[in-house]
Structure formats: structure tokens, C-alpha cells
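Below is one structure, written out as C-alpha cells; comments come after it.
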Amino acid sequence: MKQTRTKEEHTKEEVHRLITEKALELFAERGIKEVKMDDIASILSISKRTIYEQFADKEQLLLEALKQHNRRMRDASKEKIRKAEHVLDIILGIYSLYFKSLKKINIKFFKELERYPNICKRNDERNHKNDQQFIAWMEVGREQGLFRKDANFEILLFIIRRNLETIFTANMKDVHNELSNYSPEELGRTLILFYLRGISTPRGQEIIEQYIAKTENSLA
């Protein structure tokens, strides 16, 4: 027998959603350390007690906010997959979502996230699953004649991750380095396109160029 939720349960769920949405927005914009529970309460016109009734502390709020963000990214990714004609549509589309999500994130957010080892561990586990899915897609792309038969996808993925980490770490340590004038989105897009072109067959390269032209030199 299907149980219906009470009005109070619906209200609690809605308040939970509003708090996590606003918290993630503020964390991304200002950095985690600078955002106080009072700030979130004031903006939402609720009491700080209301927040603590649902979240034990800032770490739990941050974790729940990230979970909500990841659910939305997963739903958007599923839509990209549903519409895809081939694997390159999936890979380019999902990387596009990822890099676009970085647009509004203050670089301090990533640096301060390291202060929460439990959350970082969860992120690492999720990234591992994503990596396995990435490799599976690449294997399908090889079967579709989009990627070279001699391409080693595990090595490629390792290089991409290390390059992305190097870029973002450099920006966090030195705001005046050579790449500081470029957004994380532009840096990531350039890196991904560089490596995808390198492992693609002529057919795959043609699709990539068509994709770029269609989106006006963007992965959007």
C-alpha cells in the first residue's frame, strides 16, 4: 500500500532543498570558510535553528549540498546520453556539463574542500566510478570506429586527471601564473579536445570538428 507524505514532511523536504541549494551557491561563490550558517539563514529569512534541525554542522550541510549537485549533474548527463547518436556525443556533452559547472565556482572552494577528508574520500570514490564509465564509453567508441585501436584509455585518463589537477593546483597557489587569465572551463575544454583529437580516427576527428563548429568553438 502506497503511503502518502504529510504536509509537514513535504514542508521539511522543501526547506531542506532550499537550504542545500543556497548553501552550495554561497560556498561556490565565496568559498566554504567565508560562509556562515547565519548568512544562509539571513538570505533565506529563516532561523539558524531551522538549519541546525536538519544539518548537524557545516560539513553535513556541505555534503548534502554536493549530493544534490551531483544528482542534478547525473540527471543532466542521462539526458545527454539519451539524445546521443554515438559515444563522442556522450563524452563531449558530459565534459561540457562538468566544465560549465565550474564557471561560477571560486577557486577557494576547491582548496578549502581539502579540509574535509570524509567528503574528499566520497568524491574520490565517485570519481573512480566515473573513470570506469569513461573507459567503458571509450571502448564502445573504439568499436564504433571513432578511436584508434592502439589507444590506451587508462593511460589517457590518468594523464587528463593529472593535467587538470596541475592546472587547478597552480591557480590555487599562484593567482599570477601564466594560466590565471583563463577560466577553468576554457582550460579544461582545451585539454580534453587536445587529447580526444590525438586518439581519434579520421572519422572521430571529423565529428569533433563538426561538434565544435556547431557549438561555436565551445563544448556547450
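The single condition from (1) of a type in the set (S, T, N, Q); (2) over 18 Å from R189 (Cα atoms); (3) assigned by TED's automatic domain parsing to the domain that holds I19 that Q132 fails is (3). Scanning region 138-150 for residues that are crowded, with 17+ Cβ neighbours inside 10 Å and among the hydrophobic types (A, V, I, L, M, F, W, C) yields M138, L146, F147. If you filter region 64-75 down to residues that are aliphatic (A, V, I, L, M) and surrounded by 17 or more Cβ atoms within 10 Å (Cβ to Cβ), you find that the one that is nearest to the chain's Cα centre (by Cα) is L66. Checked against the criterion of being of a type in the set (D, E, K, R), at pLDDT below 90 and either buried (at least 16 other Cβ atoms within 10 Å of the Cβ) or farther than 26 Å from E85 by Cβ (or both), the candidates D124, D174 yield just one match: D174. In the condition set (1) in contact (Cβ under 8 Å) with a residue 24 or more places away in the chain; (2) surrounded by 15 or more Cβ atoms within 10 Å (Cβ to Cβ); (3) farther than 16 Å from V140 by Cα, K103 is compliant with all but (2).
The values are calculated or read from the model by the stated rules, or taken from the named source; none is laboratory data. Not measured: the values here are computed from a predicted model. Virtual Cβ from ideal backbone geometry, glycine too; neighbours counted across all protein chains shown.
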